[in-house]
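Participant: One structure follows; several queries about it will come next.
The values are calculated or read from the model by the stated rules, or taken from the named source; none is laboratory data. Keep in mind the model is a prediction, meaning the values are calculated, not measured. We place every Cβ from the backbone using ideal geometry, glycine too, and count neighbours over all the protein chains shown.
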Amino acid sequence: LMTSCTTPVTDGMEIESHSEDIEELRKSIVELLFVSGNHFCPACEKSGNCELQALAYLYQMMVPRFPYEFPLKPVDARSAKIIKDQNRCIFCKRCIKTIKDEKGRSYFAFRNRGHKLEVVLDEEMGNKMDDETAILAMNNCPVGSIIFKEKGFDVPIGKRKYDHKPIGSEIKL
């Protein structure tokens, strides 16, 4: 199997995106994401709006097959607007690619490598972040790794994204 995100398209290439093997690998990836961080859904601000949670429901993941790591990673609350919880980050890079200032500079960046990899907020830029940018960062994060400080469990149960339709129902494979 080859990943579509890293394999260049060539003439005559045959692409298969759905098979038992592929679905099993996708489920394994979701399970590994869950066990590699603090993804205790009931206590998370993003619960009911979380893409990782939605994928777990889609793949009917009740208990991961892999042992939990429970790493202790830092939570950065220095910014006046957001909290960056490294324990929940899945390194998707959305915040790095999409949250930029008017000069095109990213508020977030990777720091370190391997098991020490972190997505960090530029401290100077973070201190100048406005509410709109902070909320955009929180909304772009697929999990509860970026939280707007002034929001705090703002969406009541019954009004969350997945309270009205089954979790994972909008995901098309």
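Each row is one residue, and each column tells you yes or no for (1) assigned to a loop (DSSP other than H, G, I, E, B); (2) surrounded by 13 or more Cβ atoms within 10 Å (Cβ to Cβ).
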residue: MET2; (1), (2): yes, no
residue: ILE22; (1), (2): no, yes
residue: GLU31; (1), (2): no, yes
residue: GLY48; (1), (2): yes, yes
residue: ALA54; (1), (2): no, yes
residue: TYR57; (1), (2): no, yes
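Participant: How many residues are free of Cβ contacts under 8 Å to residues at least 40 places away in the same chain and assigned to a loop (DSSP other than H, G, I, E, B) if we restrict to region 72-93?
Facilitator: The qualifying residues number 3.
Participant: Please go through region 1-18 and pick out each residue that is among the small types (Gly, Ala, Ser) and at pLDDT 90 or above.
Facilitator: Result: GLY12, single match.
Participant: Looking only at residues that are touching a residue at least 24 places away in the same chain (Cβ under 8 Å) and either touching a helix residue (DSSP H, G or I) at 6+ places or on another chain (Cβ under 6 Å) or of a type outside the set (D, E, K, R) (or both) in region 94-114, which one is surrounded by the fewest Cβ atoms within 10 Å (Cβ to Cβ)?
Facilitator: THR98
Participant: Also, quick follow-up: Pairs please, first residue from region 134-151 and over 17 Å from GLY37 (Cβ atoms) and in contact (Cβ under 8 Å) with a residue 40 or more places away in the chain, second anywhere and in a helix (DSSP H, G or I) and not aliphatic (A, V, I, L, M), Cβ atoms under 8 Å, 6+ apart in sequence or on different chains.
Facilitator: Every condition considered, the pairs that remain are ALA137/CYS95; ASN140/ARG94; ASN140/CYS95; ASN140/THR98; PHE148/ASP131; GLU150/ASP131.
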